[in-house]
Amino acid sequence: MRPGFVRGAPYFMASIDAPAAPSRLGRILRQVGATLITLLITFVGLLAVTFIISRVVPIDPVMSILGERATEAQIAETRTKLGLDRPLWMQFGIYVNDALHGDLGTSIRTKKPVVAEIARYFPATLELSTLATIIGVIIGIPAGVLAATKPGSLLDQAVRLIGLMGYSMPVFWLGLIGLLLFYGQLGWVSGPGRLDAAFDMTMQFELTQYTGMILIDTALNGQWDMFANAVSHIILPASLLGYLSMAYISRMTRSFMMNELGQEYITTARVKGMPERRVIWVHALKNVMVPLITVVALSYAFLLEGAVLTETIFAWPGLGRYITDALLVADMPAVLGGTVVVGAVYIGINMVSDLLYRLADPRAR
Amino acid sequence: MIAPNLTWNQWLRDQNPTSRSQARMAQAYLSWLRLKRNPLAMIGLGITVALILMSIFANVLAPYDPITQNLAERLQPPGTPGHWMGTDDFGRDIWTRILYGSRITLYIVLLVILTAPVVGLIIGTVAGYFGGWIDQVLMRITDIFLAFPKLILALALVAVLGPGMVNAVLAIAITSWPPYARVARAETLTVRNSDYIAAVRLQGAGAVRVIWGHVMPMCLPSVIIRVTLDMAGVILTAAGLGFLGLGVQPPQPEWGLMISAGRKFLFEQWWVATMPGLAIFVVSLGFNLMGDGLRDVLDPRSSGR
């Protein structure tokens, strides 16, 4: 018997689809549960990779903490403290447990917890890649749609070529050229860094840091001259990264759109006499948006990576610069901690986009 | 093999091929004709061929030595007689260094495409063919590697292994096999239950033989398309590692390294950083244009047409 059927009730009550609601909720919950388990497995796998990397490092962690002149007793004591005297699988267990509790070790360079340092650097990266993604979406989607409506046209070729150029450009070189042109020659934007040096004191002592993202913090504090200065600093790196993101988004939009425009419902809409503009920008685009969620999420995750090289060019105090600076002094806990965080964000973005995709597309539920 | 009264062209266009190799050649010829119609793809092919020729004949084409310093002529601007691309801070001719750098670039690309796709192909076909828990385990591992942003994992690996070209190649290869495994697995799943595989198995072929001789060839076209599209990415990653000082070491004329050296005087002597970047850009654009065209020709499903 169907669970919604009430014995003795009139027939029309039984036909009300009562169980649909709980079972749909149940299905979503099951999916969320399955996603979370996959997330956990992938995260532990990520930790396993960084753990293996950290164990094959030729640098002895004890020596790098104590220095060359440590006594035997000190070395033994530190080994015990770091848990290095235990079996490897137990060390891995401790490592995973610590990581899940938000402990990624201590930076050798600064002697501070890696997690606290990353928390300080991460907002700058987040701000940069978010702005870049916004730029990429605003330009990339319309460009891709327009290219798809007139395949083979000059516009289509142009979008394709500009996109492929974005795929082929070394991001650090693009940054240097951008600096040379827009900062050095034209003077349209400010140079490296997040703010002019004149604002350093205000930044440190007067500004209430709500989010760590300068554009938001200065706006919330009402510091508009500082806000304008921050904009003039972020606009160049964000536009360059946005270009890369646009290259990817416009290409994918074009191919999804081409696919969609070949569907029968589009023909039906056209035959009905619907204006072409509405067919493309409302009917087709709505369906293209669903797979685009994944694309935008991927490009967002990809920008985190592009940010590593961009940040070194623009002296941007973000996660990428944190990792590369740590690399140069062989500060492995910092490097691997940064790697874990970027990897975790990467996994997180992918999972969220997967969930959004399922929620947005009725066929995938 | 060719009947004497036929020209090559007629032999290739024959509607009734008499041998397997003729059919295969005819297929390749048709693909080539389609590729030729795409001007952008032909430009890409031209750039790639030029890169290969440049690297083979670097010692003939280059007017100077790529390593020897000549401090009397340091930082000459482009257009200086004898140095049309200018010189760097050690007075070395930038054009010469770019020519020799093409060898390093091509070498890195070759090493990566000879390792990563092979590993991916093996893992993907094995996972797809056997299915079950083998598939589960292998694909989980693949997913974990996919979860890493490539460059960051490569950075961490190079940090551990130590900087240098071989380690950079190793790091890039370790980070780039997972997509191949995914592609190969997907292709394997489509052919694994087909009749011809069943026929081979009934003849008593073992798993290794089936996978090697009958599954892998089916995966090759998709993998090859991916390889051409990935080559630009390999070049960019290698250049990025070089730029950070983690790849090829000075005084080798690696393009990324040359950009990083030119960074110090970007605003005064712009050409030192710009020229090698232009080389990277042109070469990866070439690979991308060619890969894009090849995909349209070989894989009608994803061409978006």
| Counting just the residues of the range A:160-194 that are more than 12 Å from every other protein chain (Cβ to nearest Cβ) and among the aliphatic types (A, V, I, L, M), which one comes out surrounded by the most Cβ atoms within 10 Å (Cβ to Cβ)? | A:Val189
| request: Can you tell me which residue among B:Gly204, B:Gly245 is closer than 30 Å to B:Leu75 by Cα, assigned to a loop (DSSP other than H, G, I, E, B) and out of contact with any Lys or Arg (no Cβ under 8 Å at 6 or more places or on another chain)? | output: B:Gly245
| request: Would you kindly identify the helices (runs of 4 or more DSSP H) lying entirely within the range A:105-211 that contain at least 1 residues that are closer than 30 Å to A:Val282 by Cβ, among the acidic types (Asp, Glu) and assigned by TED's automatic domain parsing to the domain that holds A:Ser250? | output: A:154-168
| task | Could you please give the count of residues in the range B:9-24 that are within 31 Å of the chain's Cα centre (by Cα) and not in a helix (DSSP H, G or I)? | result | 0
| said: Looking at A:Asp325, A:Asp354 in this structure, which one is assigned to a helix (DSSP H, G or I), at pLDDT 85 or above and acidic (Asp, Glu)? | reply: A:Asp325
| message | Cβ contacts < 8 Å: first residue farther than 15 Å from B:Val126 by Cα, restricted to the range B:192-212; second residue surrounded by fewer than 12 Cβ atoms within 10 Å (Cβ to Cβ), any location; separation 6+ or different chain. Result? | response | B:Val200/B:Gly213; B:Ala205/B:Gly213
| Among the residues of the range A:69-117, which ones are under 30 Å from A:Gly212 (Cβ atoms), without any contact (Cβ under 8 Å) to a residue 24 or more places away in the chain and crowded, with 16+ Cβ neighbours inside 10 Å? | A:Pro113
| Does any residue in the range B:154-166 that is within 13 Å of A:Val335 (Cβ to Cβ) come within less than 6 Å, Cβ to Cβ, of a residue that is acidic (Asp, Glu) six or more places away or on a different chain, and which pairs are these? | none
| remark: Every listed condition ((1) within 27 Å of A:Ala197 (Cα to Cα); (2) modelled with pLDDT of 90 or more) holds for A:Ser250 save (1)
| request: Filter the range A:331-355 for residues that are more than 16 Å from the chain's Cα centre (by Cα), within 7 Å of another protein chain (Cβ to nearest Cβ) and of a type in the set (Gly, Ala, Ser) and give the result. | output: none
| said: Cβ-Cβ under 6 Å, sequence separation 6+ or interchain: first residue in the range A:126-147 and farther than 26 Å from A:Met213 by Cα, partner surrounded by fewer than 24 Cβ atoms within 10 Å (Cβ to Cβ) and of a type in the set (D, E, K, R). Which pairs? | reply: A:Ala147/A:Asp156
| query | Among (1) more than 11 Å from every other protein chain (Cβ to nearest Cβ); (2) surrounded by fewer than 24 Cβ atoms within 10 Å (Cβ to Cβ); (3) under 26 Å from B:Leu40 (Cα atoms), which single condition is B:Ala261 missing? | reply | (3)
| said: Regarding the range A:266-283, can at least one residue be identified that is in a helix (DSSP H, G or I), more than 30 Å from A:Tyr210 (Cα to Cα) and of a type in the set (Ser, Thr, Tyr)? | reply: yes
| query | Going by the structure shown, is A:Arg358 basic (Lys, Arg), more than 10 Å from every other protein chain (Cβ to nearest Cβ) and surrounded by 15 or more Cβ atoms within 10 Å (Cβ to Cβ)? | reply | yes
| query | Restricting to the range A:208-227, what's the tally of residues that are more than 17 Å from A:Trp316 (Cα to Cα) and small (Gly, Ala, Ser)? | reply | 2
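The values are calculated or read from the model by the stated rules, or taken from the named source; none is laboratory data. Just so we're clear, the structure is a prediction, and the values are computed from it rather than from any experiment. Here the Cβ is made from the backbone with ideal geometry for all residues, glycine too, and neighbour counts use every protein chain on show.
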